[in-house]
Amino acid sequence: MARIDKENYYLDIASTVLERSTCMRRHYGAIIVQNDEIVSSGYNGAPRGRKNCGDLGCCTREAMKIPSGERYELCRSVHAEANAIISASRREVLGATLYLACKDPATGELIQGSTCCSMCRRLIINAGISRVVVRDTPTGYRVVDVEKEWIDEDDSIPEAAR
């Protein structure tokens, strides 16, 4: 049996973490790795002590017919990346890699092309995380160089201001 590469090893762990998600739209799992050691994990779900969408039987954003990728402030969930970041100290995450996996809860299928929302990108940048590895297929993934792709290529600046 061939030995699994490190990127897929950590993505498999992130895929296990997403099984704890309580979101009705998307199940995300994230882990942060520093010096080949997992320092924290997170999945998307309601803040501690609050009822999650599954318990309520509805998704606020779906009820309001908000398309995926919009109006995150109306979501009950804390995102997986945010939960992983707040579970670690800045010292632990400076220069670290965040591994991210996403599945459709209705089908259990991986969602290709998943990415971090703009709010989570800002958190990742401020935490000092240097790479984000996102699973696309059971063994395929993309690597984001945070400095080059999210800081230098800042897509939050309007075209007119560039």
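Taken together, the values in this text are just the output of simple stated rules run on the coordinates, not laboratory data. Everything numeric here is computed off the predicted structure, so don't read it as measured data. Using ideal geometry, Cβ is built from the backbone for each residue, glycine included, and neighbour counts are taken over all protein chains shown.
Laid out as a table, the results:
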{"item": "Among beta bridges that DSSP assigns inside the chain, antiparallel share in %, nearest 5", "result": "85"}
{"item": "Rounded to the nearest 20 debye, dipole of the range 52-103 from Cβ charges on Lys, Arg, Asp, Glu", "result": "40"}
{"item": "Convex hull of Cα atoms in the chain, direction-averaged projection (nm²)", "result": "10.9"}
{"item": "Separation of the Ile125 and Asn52 label points, Cα + 7 Å toward Cβ, nm", "result": "3.0"}
{"item": "Residue among Leu94, Leu74, Leu56 with the largest mean-square fluctuation in a Gaussian network model of the chain, springs linking Cα atoms under 10 Å", "result": "Leu56"}
{"item": "Simple Cβ-charge dipole of the range 1-98, Lys/Arg +1 and Asp/Glu -1, about Cα centre, in debye nearest 20", "result": "480"}
{"item": "Mean shadow area of the range 29-73 over all directions, Cα convex hull, nm²", "result": "4.5"}
{"item": "Set of lysines near Lys65 by C-alpha distance (under 29 Å), chain-local residues within fewer than 8 positions excluded", "result": "Lys51, Lys103"}
{"item": "Cα shape, the range 79-162, gyration tensor, a/c 1.5 rule", "result": "oblate"}
{"item": "Residue-averaged 222 nm ellipticity for the chain, from DSSP H runs of 4+ at -39500 (n - 2.57), nearest 500", "result": "-6000 deg cm²/dmol"}
